Amino acid sequence: MAAQGFNQELRQKQTQSLVLAPQLRQSLKILQVAQMDLRTTILEELQTNPSLEELSMDTPSLDEPSPSDSESNDPKDEHSQSEELEFGENFEILNKLDEDWRDYMSQVGGAQNYTSEDAEKREHFFNSLVSETSLQEHLLDQASLADLEPNQREAIEYLVGSIDNSGFLSTSLSDLALLSGLSLGEMQEAHNILRTFEPAGIGAFDVQDCLLMQLKAKFRGRSIAAEIIRDHFKLLSRRRIPDIARRMGIDVEEVQEAIAEIALLDPAPGRRFADDTNRSIMPDVIVEWDEDKWKVTLNSDYIPRLRISPTYKEMIAKGTVSKQEKEYIQEKIRSGKFLMSSIEQRQQTIERIANEIVKLQNDFFEEGVSKLRPCTMTQVAEIVGVHETTVSRALANKYMQTPHGIFEMKFFFTPGYKGSDGEAISNTSVKDMIQQLIASEDTSKPLSDQEIVARLQEKDLKIARRTVAKYREELGILPSNLRRQY
């Protein structure tokens, strides 16, 4: 039998890898951060990049021509000068994300047209690309600042991983103790620590526990409101006010006052994430009526104006530096130019999108929220000539000042419905209609969700009862049985 040998050979294999280069990551960050965060990023770069200078507001140009721009013979520098940053083009990873979504939609719905619910899911998909701090990150940040023992820190990490989107603990402490290898006592101790974190109510076992935690945090743990939640929660959930008053031996008016206090509590404190509710809002875009048209103006007051330092350009041009120093300066200049280009592209992209919003939502600017029209990121992306994910990132954390108030720019993008007359109505306008109907209802006989459906049908708008219920919950409005007043 012939001996078998091993054959070795070299083969080349070409594969594609979707890896974000550092500069691309920086450009995406600059595109999606809020205005004040962009300012912080720029100021940090000014501290670490000596080739950058901040201009005063009255300086006419962001950059000044310098002999070194034309005299530099470094081929890398020439490539850097000719390179243009184009959001939405050649971003393979962004295209891949969109392809994944389309593949998913084809699997679940074939080539059918998107329903309003599908469109909402798609908008959520793009919004999730630019989500801010998650609830888990927020809690772990607080844990990192606390004076904890190693076992406590480990236990809190397990607890945080078991917090659901509402902020409730979704796994029992005993199960977490078994999973982590820690004792039940250690897990209980860590849970007590977690329950002191912000926002109040985090780590609760259920809604009843959550509301009591919030009242205790307000030093209202012995109030009538707390007693109602603790001892008469089932009656409260059914809005049985007379029964609660009789069992507690107090007046109906006192019960209603306590319920009004309870209504101010948050039954799901985790849902506010990843929205940053503590951020100072600075409008990125201002829309005003100017003679005969709506005018879009970028608010760049808080964004430092930059230029490449002429001093460093001249040092290279005169040849007064060593080769190593020259390479260092050229790298810093390239980095500075890329930052400036990214900022410029960011502002241009936001301005182009804002102009399209004004065109598509002209009726809103004229009359208000009730005239908001359905609009998707796909529509604007096609008009502006960028990828949908670029629109998603450009909208993230951005605000527009309008005659009707300051709105998130994402506010103008919403799927919708068509009335019998063929007129398109956005989901936001539908929510506004629901809110108005409830605001004008007879509080002794509040409208049920089915009655709201009937009222909307009178306006030639056909919407399912479950959709009305969902929109009502998103508006923070209680169901009819809990809105009834005696």
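Note on region 214-229: among residues that are surrounded by fewer than 20 Cβ atoms within 10 Å (Cβ to Cβ) and not basic (Lys, Arg), the one that is nearest to the chain's Cα centre (by Cα) is Ala217. Kindly indicate whether any position in region 409-429 is under 19 Å from Ile477 (Cβ atoms), β-branched (Val, Ile, Thr) and touching a strand residue (DSSP E or B) at 6+ places or on another chain (Cβ under 6 Å). Within region 409-429, one or more residues are under 19 Å from Ile477 (Cβ atoms), β-branched (Val, Ile, Thr) and touching a strand residue (DSSP E or B) at 6+ places or on another chain (Cβ under 6 Å). With respect to being assigned to a helix (DSSP H, G or I), within 30 Å of Lys218 (Cα to Cα) and in contact (Cβ under 8 Å) with a residue 40 or more places away in the chain, Ile329 falls outside the description.
Inside region 299-330, residues that are under 12 Å from Glu53 (Cα atoms) and not hydroxyl-bearing (Ser, Thr, Tyr) make up a count of 6. Per the listing Ile353, Ile333, Ile286, the residue uniquely surrounded by 15 or more Cβ atoms within 10 Å (Cβ to Cβ), in contact with a Phe, Trp or Tyr (Cβ under 8 Å, 6 or more places away or on another chain), among the aliphatic types (A, V, I, L, M) and within 29 Å of Leu52 (Cβ to Cβ) is Ile333. Taking first residues from region 251-275 that are at positive phi and partners that are modelled with pLDDT of 85 or more and open to solvent by 80 Å² or more (accessible area, probe 1.4 Å), no Cβ contact under 7 Å between residues at least 6 apart in sequence or on separate chains turns up. Among the residues making up region 171-199, those that are open to solvent by 80 Å² or more (accessible area, probe 1.4 Å) and among the polar types (S, T, N, Q) are Gln188, Asn192, Thr196. Might you let me know whether region 298-320 holds any residue that is within 34 Å of the chain's Cα centre (by Cα) and among the basic types (Lys, Arg)? Yes, the conditions are met somewhere in region 298-320.
Every test in (1) open to solvent by 50 Å² or more (accessible area, probe 1.4 Å); (2) out of contact with any helix residue (DSSP H, G or I) (no Cβ under 9 Å at 6 or more places or on another chain) is passed by Gly319 save one, and that test is (2). Has region 377-388 got any residue that is surrounded by 18 or more Cβ atoms within 10 Å (Cβ to Cβ) and not in a helix (DSSP H, G or I)? Yes, there is a match, as at least one residue in region 377-388 is surrounded by 18 or more Cβ atoms within 10 Å (Cβ to Cβ) and not in a helix (DSSP H, G or I).
The values are calculated or read from the model by the stated rules, or taken from the named source; none is laboratory data. As the structure is a computational prediction, the values presented were derived from the model and not from experiment. With ideal geometry, Cβ positions are generated from the backbone for all residues, glycine too; neighbour counts draw on all protein chains shown. Ligands, DNA and RNA are stripped out before the accessible areas are found, and what is left, the full protein with its side chains, is counted by its heavy atoms. Shrake-Rupley method; radii C 1.70, N 1.55, O 1.52, S 1.80 Å.
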